[in-house]
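These notes are about the structure you will find just below.
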Amino acid sequence: MTMTDDPLTDIDTALLAYILRLADDQLVLGHRLSEWVGSAPLLEEELAIANMGLDLIGQARALYAYAGAVEGRGHGEDHFAYLRDVPHYANALLVELPNGDFAFTMARQFLYAAFMEPFWTAMAGSGDTTLAALGTTAKTELAYHRRHCAEWLVRLGDGTEESHRRAQDAIDLLWPYTGELFEVDETLRGLIERGMAPDPAALHDGWLRNVGTVLAEATLAHPDGGWMQTGGRTGRHLEHLGYLLAELQYLQRAYPGAEW
């Protein structure tokens, strides 16, 4: 595949770029969660993490299928997932970070779900009927993610000295990556004005309140605002995404066109 064959080098509409951005978030984080299969601390938790990962991958599939319809070039979900390189992915940096320990994974999933639950709730009112339908389904799934991970964060933060330390370290390390979730660029601004996409910046204050409530219950210190990492939306990623895609895309790259 040449560079010019990649859909992100020839975007026709802001809508296509936006759909791929959303899909990439769900796919990359869903893959990260799948890495816990066989390694979670409890069997019940392994099932819970796997189910959360399946929720995200299901959302990614629906979004990639819609991207193919919007693009109109005959590309299906496998093309977008398996045949793009690192600079053409538009996911937030938060979701590509390595899993770390269990506290890190629970903290990241909580911070992400605390944003995505109200995001999908707002998306349910989108003027785009496909995105609105997805929002109606996804908001329920992310509500479970938020509750489940919040319970674990409280259990870890208000548990032993070691679990508290790990939970606090996770929050401190993750916090600088949360700002990217609320960014509004030109691609997004036009869709917001057309009533097709929710304004993530408008969700920030509510997210801070909800996160702050859980952190207080978990006896965890609320990080200061500070400088925020950015770049994922424009294809400037950390080194971790390349390793993730090498694993995720291996079969399709080794056996081009292979189907289940």
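Each row is one residue, and each column tells you yes or no for (1) crowded, with 22+ Cβ neighbours inside 10 Å; (2) under 19 Å from Leu93 (Cβ atoms); (3) modelled with pLDDT under 95.
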site: Thr2; (1), (2), (3): no, no, yes
site: Pro7; (1), (2), (3): no, no, yes
site: Ala23; (1), (2), (3): yes, yes, no
site: Leu56; (1), (2), (3): yes, yes, no
site: Ala60; (1), (2), (3): yes, yes, no
site: Ala65; (1), (2), (3): no, no, no
Open item on the list: Being within 14 Å of the chain's Cα centre (by Cα) and β-branched (Val, Ile, Thr) is the filter here; which residues of the stretch 134-189 pass it?
Closed with: Thr178
TODO: Working only within the stretch 136-193, note down all residues that are assigned to a loop (DSSP other than H, G, I, E, B) and either in contact (Cβ under 8 Å) with a residue 60 or more places away in the chain or of a type in the set (Phe, Trp, Tyr) (or both).
DONE: Asp158, Thr178
TODO: Kindly check whether there is at least one residue in the stretch 202-213 that is touching an Asp or Glu at 6+ places or on another chain (Cβ under 7 Å), open to solvent by less than 30 Å² (accessible area, probe 1.4 Å) and not polar (S, T, N, Q).
DONE: no
Open item on the list: Go through (1) at pLDDT 95 or above; (2) part of a helix (DSSP H, G or I) for Leu251 and report which single condition fails.
Closed with: (1)
- [ ] Could you list all residues from the stretch 159-186 that are farther than 15 Å from Ala92 by Cα and among the hydroxyl-bearing types (Ser, Thr, Tyr)?
- [x] Thr160, Ser163
TODO: Show the residue pairs that are 6+ apart or on different chains and have beta-carbon atoms under 6 Å apart, the first residue being within the stretch 212-223 and closer than 13 Å to Ala107 by Cα and touching a residue at least 12 places away in the same chain (Cβ under 8 Å), the second being open to solvent by 70 Å² or more (accessible area, probe 1.4 Å) and outside any helix (DSSP H, G or I).
DONE: Leu215/His222; Ala218/Asp158
Open item on the list: Restricting to the stretch 91-135, give me the number of residues that are closer than 19 Å to Leu191 by Cβ and either open to solvent by 30 Å² or more (accessible area, probe 1.4 Å) or free of Cβ contacts under 8 Å to residues at least 40 places away in the same chain (or both).
Closed with: 13
Open item on the list: Looking at the stretch 52-73, I want the residues that are assigned to a helix (DSSP H, G or I) and have a partner that is β-branched (Val, Ile, Thr) and modelled with pLDDT of 95 or more with Cβ atoms under 7 Å, at least 6 apart or on another chain. Which pairs are those?
Closed with: Leu63/Ile19; Tyr66/Ile19; Tyr66/Thr130; Ala67/Ile19; Val70/Ile19
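The values are calculated or read from the model by the stated rules, or taken from the named source; none is laboratory data. All values reported here derive from a predicted model rather than from experimental measurement. Please note: Cβ atoms are built from the backbone with ideal geometry, for glycine as well, and neighbour counts cover all protein chains shown. Accessible surface is based on the protein model in full, side chains and every heavy atom, while ligands, DNA and RNA are left aside. Shrake-Rupley method; radii C 1.70, N 1.55, O 1.52, S 1.80 Å.
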